[in-house]
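Everything on this sheet refers to the single structure shown next.
The values are calculated or read from the model by the stated rules, or taken from the named source; none is laboratory data. Quantities reported herein were computed from a predicted structural model and do not represent experimental measurements. FYI the Cβ positions are ideal-geometry reconstructions off the backbone, even for glycines, and counts take in every protein chain you see. The protein model used for the area step is the full one, side chains on, heavy atoms only, and it has no ligands, DNA or RNA in it. Shrake-Rupley method; radii C 1.70, N 1.55, O 1.52, S 1.80 Å.
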Amino acid sequence: MTTRSLKYILAFGVIAFVLGLFVPLSFSQEEEKVLEVQVFLTKKQALEIAFPGADKVKRVKKWLTDEQKESIGEICFQKIEANRMSFYAGMRDGVPIGYALFGHQLGKSYPISYMVVLNLDGTVRDVEILVYREPRGWEVRYSCFMDQFTGTTPDTDFRNINTITGATLSVNAMVKGVSRASAAYKVLFLSGNP
């Protein structure tokens with residue numbers, strides 16, 4: 001072997017070694033984690049929690065007009081792009097006892113699947129997380145955080161919801177989801193223009 005080819009092999013080895021050392025260090029530990037999906041409730045279980053004592057649960061599909069999308073968006077300060085929302089009505093003796101709306105809201109990287117339960121007057125009765133996919137911020141499912149939504153209305157200033165250190169994006173996702181569900185219920189069920 002010539003000196004020249006040894007230099008090339010040595011240079012190639014040094015480059016490979018340097019890349020091998022520093023490239024993996026450029027990825028955060030969070031990115032290296034494998035996605036861990038945490039399923040807390042199925043839809044069926046969530047509806048049983050939402051409407052204890054209901055005779056049946058009926059799906060209520062609402063097709064949104066552009067005017068309704070705009071009204072919902074103005075109330076919750078979000079752009080509404082969905083053309084349809086599906087509420088679930090808990091029924092007892094043929095009369096609704098409350099409504100639930102399932103949604104997905106992006107946390108940091110993955111969607112959080114949740115359910116918002118609303119009383120007939122539009123106040124939030126309960127919020128449940130069904131599926132949590134993020135590696136951090138799972139504390140949002142604890143009652144000390146979720147109970148802040150109980151009794152809120154579409155007119156509530158959701159900026160007053162206390163955040164959780166290290167879970168800011170998950171907190172923001174839940175606030176967006178609950179405020180959107182509350183606003184949609186107000187426009188679609190309470191406004192007189194269903």
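Keeping all protein chains in place, calculate the accessible area per residue for the stretch 53-94 (probe 1.4 angstrom), answer in Å².
For the stretch 53-94, the per-residue accessible area is 67 Å².
Rounded, prolate or oblate, given the Cα gyration tensor of the stretch 106-194, with a/c below 1.5 counting as rounded?
It comes out prolate by the Cα gyration axes.
Heavy-atom accessible area per residue, the stretch 101-194, 1.4 Å probe: how many Å²?
Heavy-atom SASA per residue in the stretch 101-194 reads 46 Å².
Roughly speaking, to the nearest percent, how much of the stretch 65-194's 1.4 Å accessible area is carbon and sulfur?
Here carbon and sulfur together make up 48 percent of the probe-accessible area.
What length, rounded to one decimal in nm, is gained on full extension from residue 190 through to residue 162, with 0.36 nm per residue of separation minus their alpha-carbon distance?
That pair, residue 190 and residue 162, stretches by 7.3 nm at full extension.
Using 1/(1 + (r/R0)^6) with R0 = 22 angstrom and r between the beta carbons of residue 82 and residue 131, what's the FRET efficiency to the nearest 0.05?
0.70
Sorting check: for 137-150, 48-61, 104-117, 178-191, which peptide has the highest mean count of neighbouring beta carbons within 10 Å, and how do the rest follow?
178-191, 104-117, 137-150, 48-61
With respect to the cross-link table entries 108/176; 43/108; 79/176; 62/108; 44/69, which display a Cα-Cα separation exceeding 19 Å?
In this structure, 43/108; 62/108; 44/69 lie more than 19 Å apart at Cα.
Note down the net charge around residue 149, summing +1 for each Lys or Arg and -1 for each Asp or Glu among other residues with Cβ under 11 Å from its Cβ.
-2
Would you work out which of 82, 98, 135 lies farthest towards the positive end of the dipole of the stretch 73-143? Charges go on Cβ: Lys and Arg +1, Asp and Glu -1.
Final value for the positive-end residue is 135.
Cα extents of the stretch 46-194 along the three principal axes, largest first, in whole Å?
Ordered largest first, the stretch 46-194 gives principal extents of 44, 36, 24 Å.
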